[in-house]
Amino acid sequence: MTKLPDFAPIPGERHDGNPTDERENFYTCPTCGQLVDMRDLRQVIWHERPMHKPLLSVVD
Ligand SMILES: [Zn+2]
């Protein structure tokens, strides 16, 4: 498995404001099945790559 680099996350901001439910910030990747935090651009870019594997940890 691959791990995200140790440098700070690249924060994103929703155009339609913060959701009332925290779960709305996540989606399940159709390729690897891992939950992706849409507020972290590193995760989103990783999961857009074809044939990728799940990240080792997204909560470090
Ligand atoms: Zn994925």
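As a ratio to 2.2 N^0.38 Å, the alpha-carbon radius of gyration for the chain is 1.12. Report the one residue of Leu55, Ile10, Leu35 whose Cα lies farthest in the direction of the positive end of the charge dipole of the chain (charges on C-beta: Lys and Arg +1, Asp and Glu -1; origin at the Cα centre). Result: Leu55.
Read-outs: derived from the displayed coordinates by stated rules, not from any lab. Predicted, not measured: the structure shown is a model, and the values here were computed from it. Note: ideal-geometry Cβ built from the backbone for every residue, glycine included; neighbour counts use all protein chains shown.
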